[in-house]
Each structure stands twice: as structure tokens, then as C-alpha cells.
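Trainee: Sharing a structure, written as C-alpha cells. Questions coming.
The values are calculated or read from the model by the stated rules, or taken from the named source; none is laboratory data. This one's a predicted model, so the numbers in the text were calculated from it and none came from an experiment. Please note: Cβ atoms are built from the backbone with ideal geometry, for glycine as well, and neighbour counts cover all protein chains shown. Side chains are part of the model used for accessible areas, which takes the heavy atoms of the whole protein and leaves out ligands, DNA and RNA. Shrake-Rupley method; radii C 1.70, N 1.55, O 1.52, S 1.80 Å.
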Amino acid sequence: MALPVLVIGRSGSGKTYSLKNFSPDEVGVISVEKGRLPFRSEIKTVRIPKDFNSADIKSSAQLNAAKYSWVMMAIRTAKVKSIVIDDSQYLMVNEMFDRASEKGYDKFTDIAKNFRDLVHYINDSVPEDVIVYFLHHSETGADGREKCKTIGKMLEEKLTIEGLFDVVIYCADHKFYTQANEISTAKTPEEMFSDLEIPNDLALV
């Protein structure tokens, strides 16, 4: 199975910049929102389509299901072993806004399930020599530590995103933190890193 890695941090903390030491033939970037890297590079970036011309898509729920299917296809057909989903929190945020007019709470269950199913797909159906990095915004949790940003308590009650990943790295001030402390909910397997603080370099990770 492939390895999904979660990198959390505030906007501007250095998450996307951490791609800089990859060569273009080592990594591919799936951009959910921006479409540009914060440095000059030949690294290929593709954006998730905003519209799908299909007669089968008749609702916002079906549109977002198609977007997730597109991401899975992009990962499955990638020619590189390192794949980055940049600003992955917008997978959830954009679906929430797309479905804002829907009444009831079922949409929150769908949003959580779609994101969870993507991580499960990477774990279960992508070759084991592939690493998929989720670059995701963080926010301050109830205990004062930086945690994975979601779209509110309704989703958090249904899904603890960090629990889907064996490797969670916290990015701040252009540095990576590898273990949980009073600052963040980071976690990495024993002996993966000898230091709590390392350079924000995904090629190194």
C-alpha cells in the first residue's frame, strides 16, 4: 500500500515551499486551489477541474464525487513516486460551499466520507512505493495545539483527520516538527526521525 503523509501548518508557514528540492521528474502536484508554486520550478502542477461535462452529474454532491474520482485517477496514473495534494483542506471547504443550499446534516457526513475514502484509496489501491503528501492548513484546537483544519465541529465529530495518517508533520516558520508537543499534533513512527525539528524539505522526508 502507498503511504499518505499529512503536512499541516498555517498559510505562509512553508508547506508548499518544502517542495523546492524535488526535481521535476520526482514529484507531481495536484493543486486544489492555487495552481502556482511559490518558487520558480519546472515541477508539473495540475488543477482539479471545476466542471465536468457529464449527463450523469445533476447535483453538487455528484460534482464533488466526480472531483474526488478525478484526484484518484490522477494519483493512479501519475508517472512519479511522490505526489502532492496542495491545499487539501479545500477539498472539504469547496464541497461545503458547493452544497451550502442543502438542508440537513447529511452533507457533512458526505464531506467527511469523501475525504476519508480518498485516504483509504491511497492506502489500499496505490502501489506501495508511492508517497502522497497532503498539504493542509492548521488551526488552533481546544487544547491550544495546532491541529488539522476542518469545516467545523460537525465534521470533527465524524472524522479525526490526523487519525487517518501514520505520519503527520507540523510546519511553522519554514521548519518541520516531527512529534507532538505543546505546539502541535504531529506524529511520526519511532526512529523515523532523530530530531524533533528538521528543515521543511519534503525531499528529505
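Trainee: Return yes or no: is ILE57 open to solvent by less than 50 Å² (accessible area, probe 1.4 Å), closer than 24 Å to VAL126 by Cα and of a type in the set (Val, Ile, Thr)?
Mentor: Details: open to solvent by less than 50 Å² (accessible area, probe 1.4 Å): yes; closer than 24 Å to VAL126 by Cα: no; of a type in the set (Val, Ile, Thr): yes.
The answer is no for ILE57.
Trainee: Which is under 26 Å from CYS171 (Cα atoms), among the aliphatic types (A, V, I, L, M) and at pLDDT below 95, of ALA66, ALA2, ALA61? It would help to see each step written out before you state the result.
Mentor: Details: ALA66 fails: under 26 Å from CYS171 (Cα atoms); ALA61 fails: under 26 Å from CYS171 (Cα atoms).
Going through ALA66, ALA2, ALA61 in turn, the sole match is ALA2.
Trainee: Go through region 1-32 and report how many residues are closer than 23 Å to ARG116 by Cα, without any contact (Cβ under 8 Å) to a residue 60 or more places away in the chain and open to solvent by 10 Å² or more (accessible area, probe 1.4 Å).
Mentor: Summing the residues that are closer than 23 Å to ARG116 by Cα, without any contact (Cβ under 8 Å) to a residue 60 or more places away in the chain and open to solvent by 10 Å² or more (accessible area, probe 1.4 Å) in region 1-32 gives 1.
Trainee: Within region 27-42, which residues are more than 19 Å from TYR68 (Cβ to Cβ) and touching a strand residue (DSSP E or B) at 6+ places or on another chain (Cβ under 6 Å)?
Mentor: Answer for region 27-42, where residues must be more than 19 Å from TYR68 (Cβ to Cβ) and touching a strand residue (DSSP E or B) at 6+ places or on another chain (Cβ under 6 Å): just VAL27.
Trainee: All but one of (1) within 26 Å of GLU146 (Cβ to Cβ); (2) at pLDDT 95 or above hold for ALA74; which doesn't?
Mentor: (1)
Trainee: While we're on this one: Identify the residue in region 75-107 that is in contact with a Gly (Cβ under 8 Å, 6 or more places away or on another chain) and not β-branched (Val, Ile, Thr) and, among all such residues, is surrounded by the fewest Cβ atoms within 10 Å (Cβ to Cβ). Please lay out each step first, then the result.
Mentor: Within region 75-107, the subset in contact with a Gly (Cβ under 8 Å, 6 or more places away or on another chain) is 78-80, 82-84.
With the extra rule that they be not β-branched (Val, Ile, Thr), the set shrinks to 78-79, 82.
On the way: ALA78: 18, LYS79: 7, SER82: 19.
For region 75-107, the residue satisfying everything is LYS79.
Trainee: Look through region 193-205, keep the residues that are closer than 14 Å to VAL7 by Cβ and assigned to a loop (DSSP other than H, G, I, E, B), and return whichever of them is nearest to the chain's Cα centre (by Cα). It would help to see each step written out before you state the result.
Mentor: Quick first cut of region 193-205, residues closer than 14 Å to VAL7 by Cβ only: 193, 198-205.
Filter again for assigned to a loop (DSSP other than H, G, I, E, B), leaving 193, 200-205.
Details: PHE193: 21, ASN200: 16, ASP201: 16, LEU202: 14, ALA203: 17, LEU204: 18, VAL205: 16 Å.
Looking at the filtered set, the residue picked out is LEU202.
Trainee: Looking at region 155-168, is at least one residue among the aromatic types (Phe, Trp, Tyr), under 30 Å from GLN62 (Cα atoms), surrounded by 15 or more Cβ atoms within 10 Å (Cβ to Cβ) and in contact (Cβ under 8 Å) with a residue 12 or more places away in the chain? Break it down stepwise before answering.
Mentor: Let us first name the residues in region 155-168 that are among the aromatic types (Phe, Trp, Tyr), namely 165.
In the following step, the residues that additionally are under 30 Å from GLN62 (Cα atoms) were identified as 165.
So of that shortlist, the ones also surrounded by 15 or more Cβ atoms within 10 Å (Cβ to Cβ) come out as 165.
Now narrow it down to the ones that are in contact (Cβ under 8 Å) with a residue 12 or more places away in the chain: 165.
Checked against the condition, which is being among the aromatic types (Phe, Trp, Tyr), under 30 Å from GLN62 (Cα atoms), surrounded by 15 or more Cβ atoms within 10 Å (Cβ to Cβ) and in contact (Cβ under 8 Å) with a residue 12 or more places away in the chain, region 155-168 yields at least one hit.
Trainee: I need a count of the residues in region 48-82 that are in contact with a strand residue (DSSP E or B) (Cβ under 8 Å, 6 or more places away or on another chain) and of a type in the set (Asp, Glu).
Mentor: The total comes to 0.
Trainee: Against the condition of a type in the set (Phe, Trp, Tyr), surrounded by 15 or more Cβ atoms within 10 Å (Cβ to Cβ) and in contact with a helix residue (DSSP H, G or I) (Cβ under 8 Å, 6 or more places away or on another chain), how does PHE193 come out, does it pass?
Mentor: On the way: of a type in the set (Phe, Trp, Tyr): yes; surrounded by 15 or more Cβ atoms within 10 Å (Cβ to Cβ): yes; in contact with a helix residue (DSSP H, G or I) (Cβ under 8 Å, 6 or more places away or on another chain): no.
Judged against the criteria, PHE193 is not a match.
Trainee: Just one of TYR90, TYR133 is under 18 Å from GLU33 (Cα atoms) and in contact with a Leu (Cβ under 9 Å, 6 or more places away or on another chain); which is it? It would help to see each step written out before you state the result.
Mentor: Values: TYR90 fails: in contact with a Leu (Cβ under 9 Å, 6 or more places away or on another chain).
Criteria check complete, one pass: TYR133.
Trainee: Now for a separate question. Restricting attention to region 172-190, which residues are assigned to a loop (DSSP other than H, G, I, E, B), of a type in the set (Ser, Thr, Tyr) and open to solvent by less than 20 Å² (accessible area, probe 1.4 Å)? Working first, answer last.
Mentor: Here is the first cut: in region 172-190, the ones assigned to a loop (DSSP other than H, G, I, E, B) are 173-174, 178-183, 185-186, 188-190.
Restricting the remaining residues to those that are of a type in the set (Ser, Thr, Tyr) gives 178, 185, 188.
Residues satisfying the conditions are THR178, THR188.
Trainee: Just to be sure, is PHE52 in a loop (DSSP other than H, G, I, E, B), in contact with a helix residue (DSSP H, G or I) (Cβ under 6 Å, 6 or more places away or on another chain) and among the hydrophobic types (A, V, I, L, M, F, W, C)?
Mentor: yes
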